[in-house]
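Any read-out appearing in this document is the output of simple, stated calculations on the displayed coordinates, not a laboratory observation. Keep in mind that this is a model prediction, so the values were computed, not measured. Note that each Cβ is placed from the backbone with ideal geometry, even for glycine, and that neighbours are counted across all protein chains shown.
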Amino acid sequence: MGLAAATSMVVGIIVGAFIFVQPAEVTRLVPSERGIIWVWLLSGVLTLCAALVCAELSRLYPETGGVYVFLRQIYSPALAFLWGWGMFFSMHAGILAAIAVVLARYAGYLFGFGDTGVRMLAITAILLVSFIQYLGVKPGSAVQITLTAAKLAAIALICALIFTLGGAAHHVVPVSTEQPIRMTSFGLAVAAGLFSFGGWHMVSYSAGETRNPERTIPRALIYGVLIVTACYTLLNAAYFFVMPLGSVATSTRVAADAMERVLGPAGGKAITVVIIISALGALNGIALAGPRVYYAMAQDRLAFRWMATLHPQRQTPYFAIAAQAVWACALAATNSYRALFTRVIYTEWLFFALLAAGIFVLHWRGQYTPKFLAFGYPLLPAISFLTSAAIAVNQIWASPRDSVIGLGLLLLGLPVYFFWAHRNTTQHAARGPSTDADDRLS
């Protein structure tokens, strides 16, 4: 995987369906067009700070597994295992199921599917992108580049059409009165914006299959976040060009509403196709990324060894891909992904805070010299740490019961980790000292 594929993975995973459907939470919290644009710009800058932290760690540890490897190297295998545990059972599989259901609902809108048809289509989408990943990283990367290019072209076309043909709609938009913005509301809006940048870190999982990963992964992270920030900012500016602030705040299909004001009903249907393509691009990137973490865990003997099995010709972790697909399909079929995903996803920010703190830990140990952060160390990793910690604390404060349940589900992984660790110790003692050949995966 080269720079183009890695960058398309960052962009393709981040830009799913949210920005086309309902960025209403940000608009509700900040009743000012100028303020909203600043929210998206600041969200992009803060995401870039976190991406620079990940870029540095990718340079230091250019191995398959990404965040899992970083946590293992900086802190402990137990903490790294909790990341992988949370990924497989809720965070990663949950978002895979959620995006597949969104894709299926919009396809169902076009073709008139009922609830059963939507679920079957969601399962089909998961199996399709999983099969593409089974074929190899090259086919998976080619599909990712194609879908991301189509997505970016669609965004450019949407903005161009709105700004060039939306003059009549713009003239009837009432002039919005700028209302005072409370700092607490602005902060909550930025937090909501940061959630819409989720997934930027997943490109680090496939470092082992990336050409020159210590250079490619960091550059892909930086370029990808900058491209997404530009897309989000331009799309919101386009929405406000043809829609009043109140309409944007209450719309559940804002891109379709904006295009209908310019092109009529045909514009709304065209957006449905764009959302399907965008969701498919995110689905493909996520399906590519996740199994690499489970593969790395299995290599460390912290997951079933068959998850580390590579296909003899395609060199893909095909059993890990299959396991992820089966669990994501089960979550989509039963609609249980919501209960798991919504309670556990906030814990991602606790791990991001630990990654930012890890930069200081490595520097204190003498194992790190800033490169990508050379112009901003120690300020940028400190900003990343404070931002990530603040989002996690805010979620705990807003939903204490669900947060405790989510943290409990995550911590259920500790007994499982100790089981694996004890099992490995026992087997190692029974075998006696092993050679590198004994430990090599077949």
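A few remarks follow.
- Cα-projected label distance for Thr184 with Ala149, points at 7 Å along beta-carbon direction, nm: 5.0
- Among Phe304, Pro62, Gly208 the positive-end extreme of the charge dipole of the chain (Cβ point charges): Phe304
- Given (1) 25, 58, 16, 1; (2) 23, 50, 23, 4, 0; (3) 21, 44, 25, 8, 2, 1, 0, the label whose value is P(r) over Cα pairs in 20 Å bins from 0, in percent derived from this model: (1)
- Mean separation of Cα contacts under 8 Å (6+ apart) over length of the chain, as relative contact order %: 32
- Calculated [θ] (222 nm, deg cm²/dmol) that DSSP helices of n ≥ 4 give over the chain, each run adding -39,500 (n - 2.57): -25000 deg cm²/dmol
- For segment 278-338, the relative contact order is 25 percent, taking Cα pairs closer than 8 Å that sit 6 or more residues apart in sequence and dividing their mean separation by the residue count.
- Anchor Lys151: lysines whose Cα lies under 18 Å away (excluding residues fewer than 8 positions away in-chain): Lys269
- Degrees between helix 183-195 axis and first principal axis of the chain (Cα, 0 to 90, nearest 10): 60
- Between Tyr75 and Ala160, the FRET efficiency from the beta-carbon distance, with R0 = 45 Å, is close to 0.40.
- Gaussian network model of the chain, springs between alpha carbon atoms under 10 Å - residue of Ala266, Ala50, Ala356 with greatest fluctuation: Ala266
- Dipole magnitude for the chain: computed about the Cα centre from +1 point charges on Lys and Arg Cβ and -1 point charges on Asp and Glu Cβ, it is near 360 debye.
- Nearest-0.05 FRET efficiency for Val273 and Ala390, computed from C-beta distance (R0 41 Å): 0.60
- Dipole orientation for segment 281-363: of the candidates Val326, Ala353, Asn284, Val326 has the Cα lying most toward the positive pole (charges on Cβ; Lys, Arg +1; Asp, Glu -1).
- For the chain, a Gaussian network of Cα nodes joined below 10 Å ranks Pro213, Pro244, Pro312 by mean-square fluctuation, and the top entry is Pro312.
- Cα centroid separation, segment 59-92 to segment 100-126: 32 Å.
- Cα-based helix-to-principal-axis angle, 254-263 vs the chain, degrees rounded to 10: 40
- For the chain, built as a Gaussian network whose Cα springs stay under 10 Å, the top-fluctuating residue of Val273, Val172, Val137: Val172
- Footprinting exposure proxy ranking of Ser141, Ser58, fewest other C-beta atoms within 10 angstrom first, gives Ser141, Ser58.
- With a simple spin-label model that places each label point 7 Å from the Cα along the Cα-to-Cβ direction, the separation between Leu412 and Lys371 comes to 4.0 nm.
- Between helix 213-242 and the chain: long-axis angle, C-alpha atoms, 0 to 90°, nearest 10: 20
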